[in-house]
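Working notes, structure below.
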Amino acid sequence: MSGETVPGLRREAIGLREVLFQSITAMAPAAAVAASIPSGAAFAGGSLPLSVLIALVACLFTASCVAELARELPSAGSVATYAAQGLHPAVGFLVGWGYVFVEALVPPLLLLQLGFTTAGTLHQEWSSYPDDLWWPWSLAGAAIIAVAGYFGVRASARFGTVLGVFEVLVFLVFAVWLIAEAGGGNTLSVFGTSHTADGYEGISGVFAGSVYTVLAFAGFEAAAPLAEETKDPRRTMHRAVLGAALAIGLVYVVTTYAMSAYFGPDRFTGFGASGAASWEGVARASFGLFWVLVFLAVVNSTIANANACSNVSTRTAFALARIRVFPGLFASLHPRHRSPVAGVVVQGAVALAAMLGLGFAYDPVTAFLLLATVIVTVVIGVYIVVNLACVGYFLRRRRELFRPVRHLLFPVLGIAAFVPALLTAAGLPVFDFVSELTAPVSYAGPVVGVWMLAGVAVLIVLLRRHPGRIAETARVHLDETPTAEPRQSGAVQS
């Protein structure tokens, strides 16, 4: 670095509760339970609870790796810093380049879902409301997220905590109600392979269901970019990442079991995200006005998830901007709230452009699917790299802390779990349960490819002109005292 220092984010602004719900809301539990997880029912049928349980165990391997690195390397750069330390700074830059890109696309993704979910429900209740008038609700959600981000991490994280508590409670209460109503229909056979879909009998159906279910866990690492604003970050980050993955994974297991038992395991193959055979459909048909709470929980989940991922993208961009591998604009902080205010503005602009541009160019549902495919493809790739980084970091830099199970076996198992999910998300028909993507959703692959190739071009330029800046991707700023001398160009924190 040149000797210039960039003012830091607000230290010790939030605690375990807020960062735990940062990860929880980034996983969007209500939206996942209602819309994402049911996609696995087409393969696992009534054995979907077993698929969810397997996905939980698989995701905990990667969550353990992220938690271990978050404890050792508390940094707003999060996954970029982990990859830089465990593998190479150039890999860290590319991980950060891809991660900022897709996390910036999560808010428009969720705002689209907010729009078409609200419009569709209002049209169902009052036919005079146009079912394609989705954009006012999306704009309202964008305004809420921008205001929360502007007032800093304390306001944003506490806002996310309130939203997260509401959506989890609604679905847990509903699950308990379903279990009670199922009565004699409650059975542990759903944790076996006897209820899988035709053509996917036995363990193959359960495995296919678990691959689709794994995608519902994405976001458990979202606490990590708030490390520099958190009290006792080493301990807190470790507990938040693992705690979110485990807690919400158990919520997924309980809720999926409850609906499978109530709906009927042998009929569950036809269960989905909409219509009579869905969470909202069941609530409407059998539980009176409780469907309103289910609807509100899903809407709430879209806002909470967008808010959490806005925090992730702006903090990661800030971390890369302060070492000057991203434009310095992203390192600008509000003088009072210490929020990356320029990043918040850019994030809002990106959200509006992607949401309105794609939503009107296609339709909000198609735009949602396109963005979701882009996001999931990159995020799963990041998880695979972070697993490798865990092995590299503890073998190369902290050999005295290396534990074969936590730092070698778990990363290998985490990679094994996410490779099939990556192929599924990308629509590569390696398995018979993977469907090829059709246009415009199939454009996701080229979009990701172009963005990453642009990142490689930027990396080459930086390595030739400013190699020290790339080395700085491995720098852990939290380990430095305010009066510390600036590091020399190329220095790496170990």
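So the values come out like this:
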| read-out | value |
| --- | --- |
| Cβ-based charge dipole, segment 191-269, positive-most Cα from 230, 251, 197 | 230 |
| In Å², nearest 10: area of residue 60 left accessible to a 1.4 Å probe | 50 |
| Point-to-point label distance, residue 285-residue 133, nm (Cα→Cβ direction, 7 Å offset) | 3.0 |
| Shape of segment 35-146, Cα gyration tensor, a/c cut at 1.5 | oblate |
| Charge sum, other residues only, whose C-beta stays under 15 Å from residue 162's C-beta, Lys/Arg counted +1 and Asp/Glu -1 | +1 |
| Accessible area (Å², 1.4 Å probe, nearest 10) - residue 235 | 140 |
| The chain, accessible surface, carbon-and-sulfur percent (1.4 angstrom probe) | 66 |
| Accessible area expressed per residue, segment 341-443, with surrounding protein chains retained (probe 1.4 Å, Å²) | 44 |
| Point-charge dipole on Cβ atoms (K/R +1, D/E -1) for the chain, about Cα centre, debye to 20 | 1840 |
| Residue-count net charge about residue 402 - beta-carbon cut-off 11 Å; Lys, Arg +1, Asp, Glu -1 | +4 |
| Compactness of the chain, expressed as Rg and Dmax over alpha-carbon positions, Å | 22.0, 71 |
| Under Karplus coefficients 6.51, -1.76 and 1.60, residue-wise ³J(HN,Hα) of segment 271-283 in Hz, glycine/proline x | 6, x, 9, 8, x, 5, 8, 8, 4, 5, x, 5, 4 |
| For residue 76, distant residues with modelled amide H under 5 Å away | 228 |
| Rg in Å to one decimal, and Dmax rounded to a whole Å, for segment 319-416 via C-alpha atoms | 19.4, 56 |
| MRE, 222 nm, helices only [DSSP H, n ≥ 4, -39500 (n - 2.57), over the chain, to nearest 500] | -21500 deg cm²/dmol |
| Size of charge dipole - segment 15-147 - debye, nearest 20, with Cβ of Lys, Arg +1 and Asp, Glu -1, no other charges | 240 |
| Globularity index of segment 177-278, i.e. its alpha-carbon radius of gyration over 2.2 N^0.38 Å | 1.37 |
| Residue 150 paired with residue 363, simple spin-label distance in nm, labels 7 Å along Cα-to-beta-carbon | 3.5 |
| Derived scalar couplings ³J(HN,Hα) [segment 124-139; Karplus, 6.51 cos²θ - 1.76 cosθ + 1.60; whole Hz; x for Gly, Pro] | 5, 7, 10, 4, 6, 7, x, 6, 9, 8, 9, 5, x, 5, 5, 5 |
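The values are calculated or read from the model by the stated rules, or taken from the named source; none is laboratory data. Here the structure is a predicted model, which is why all the values come from computation and not from measurement. Positions of Cβ are backbone-derived with ideal geometry, glycine not excepted, and every protein chain shown enters the neighbour counts. Please note that ligands, DNA and RNA were not included when accessible areas were found on the heavy atoms of the full protein model with its side chains. Shrake-Rupley method; radii C 1.70, N 1.55, O 1.52, S 1.80 Å.
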